[in-house]
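Colleague: First the structure, then my questions, so here it is.
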Ligand SMILES: NC(=O)c1ccc[n+]([C@@H]2O[C@H](COP(=O)([O-])OP(=O)(O)OC[C@H]3O[C@@H](n4cnc5c(N)ncnc54)[C@H](OP(=O)(O)O)[C@@H]3O)[C@@H](O)[C@H]2O)c1
């Protein structure tokens, strides 16, 4: 794949900045990255941190762009798209949007169908390059453009492709919002550990490392979660007692309700399909 395809980042905040940093760390040429940021201070910070060229707006900077990554808050996306539409001349860059809840078709329509669109649902661990993202290509996205979109998201974690956009609502319920579920569980485990006699720092260290260790075991052994759970759950032992309480308390039903509620809100926020 050509190494010099120009990627423009519109929005260089948390997510945009992470993607830029990840690409550079993976060897993407700095000269092929460009950041659009209206705020002067933020722009200077991006220039200093990444040594990339920046501009206050998209106008005049679109020439030669292979990809425009939209990493702004969803509420300002319409204004950003109007700016891109006005700046498009002969270029037809791939648009990669990570804005939550804005459908690929909505984006394509606001660009008069001139650009192919990939919609992504990332998650916040992308900030530490441990993200999990799902991508959906609308319309005529070429294999090369898919590869480039994959490369952008893999710079900060793993990336999977979906062939049905509605599954992005399921991804939102699983991995998009998922980090918060694990944060909540770790928060509660830590609180209970303190109530049961550990000091805060001990509780924090033990719960975090347990979560990390369990995730690493899954990843590094390739074994499934049920098998690993059974291996640490000896009949008549301590773990079995806890697992039984989770089961009796309806943990599966509770998780099912939580993910269903999250999915419903994701559908609602995206609005009706046009
Ligand atoms: N699924 C998830 O867990 C997840 C996680 C994170 C992000 N996201 C999505 O990722 C997107 C970005 O989130 P973020 O956390 O990176 O937000 P952020 O930190 O606020 O970054 C957005 C950046 O865009 C800049 N900006 C504002 N108006 C602009 C314009 N007209 N042109 C160019 N840049 C502009 C902002 O500058 P100012 O600060 O000066 O306004 C800010 O630096 C959001 O759409 C969000 O939905 C999803």
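Read-outs: derived from the displayed coordinates by stated rules, not from any lab. Here the structure is a predicted model, which means the values were calculated and not measured. Positions of Cβ are generated from backbone atoms using ideal geometry, with glycine treated the same way; all protein chains shown enter the neighbour counts.
Colleague: Could the peptides 173-184, 218-229 be put in order, highest first, of the mean number of other beta-carbon atoms found within 10 Å of their residues?
Modeller: 173-184, 218-229
Colleague: If a/c stays under 1.5 just call it rounded; otherwise compare a/b with b/c (prolate if a/b is bigger, oblate if not). Do that for the stretch 170-239, with a ≥ b ≥ c from the square roots of the Cα gyration tensor eigenvalues.
Modeller: In terms of gyration-tensor shape, oblate.
Colleague: So, by mean Cβ neighbours within 10 angstrom, what's the order for 202-215, 99-112 with the highest one leading?
Modeller: Those peptides, ordered most packed to least, come out 99-112, 202-215.
Colleague: Of all DSSP beta bridges in the chain, what percent run antiparallel (nearest 5)?
Modeller: Of the beta bridges lying entirely in the chain, close to 15 percent run antiparallel.
Colleague: A further question follows. So what's the angle, to the nearest 10 degrees on a 0 to 90 scale, between helix 143-154 and the longest Cα principal axis of the chain?
Modeller: 50
Colleague: Measure off 7 Å from each Cα along the Cα-to-Cβ vector at residue 239 and residue 187, then give the distance between these two points in nanometres to one decimal.
Modeller: Rounded to a tenth, the inter-label distance reads 2.7 nm.
Colleague: On to the next question. Using only Cα atoms, tell me the angle between helix 238-248 and the longest principal axis of the chain; keep it within 0 to 90° and round to the nearest 10.
Modeller: 70
Colleague: Would you work out if the chain is rounded, prolate or oblate? Take a ≥ b ≥ c from the square roots of the eigenvalues of the alpha-carbon gyration tensor; rounded if a/c is under 1.5, else prolate when a/b is larger than b/c, oblate otherwise.
Modeller: prolate
Colleague: Nearest 10 degrees is fine. How inclined is helix 77-87 to the longest principal axis of the chain, computing both from alpha carbons?
Modeller: The two axes meet at around 30 degrees.
Colleague: Any idea how far apart residue 247 and residue 261 come out in nm if each label point goes 7 Å out from Cα toward Cβ?
Modeller: It works out to 2.6 nm between the two label points.
Colleague: How many nm is it between the label spots at residue 199 and residue 63, if each spot is 7 Å from the Cα in line with the beta carbon?
Modeller: Spacing of the two 7 Å Cα→Cβ label points: 6.3 nm.
Colleague: Roughly speaking, what is the centre-to-centre gap between the stretch 1-68 and the stretch 204-234 when only Cα atoms are used, to the nearest Å?
Modeller: 38
Colleague: Any chance you could run the full-extension gain for residue 226 through residue 91? It's 0.36 nm times the residue separation minus the Cα-Cα distance, nm to one decimal.
Modeller: The residue 226-residue 91 span can extend by a further 43.6 nm.
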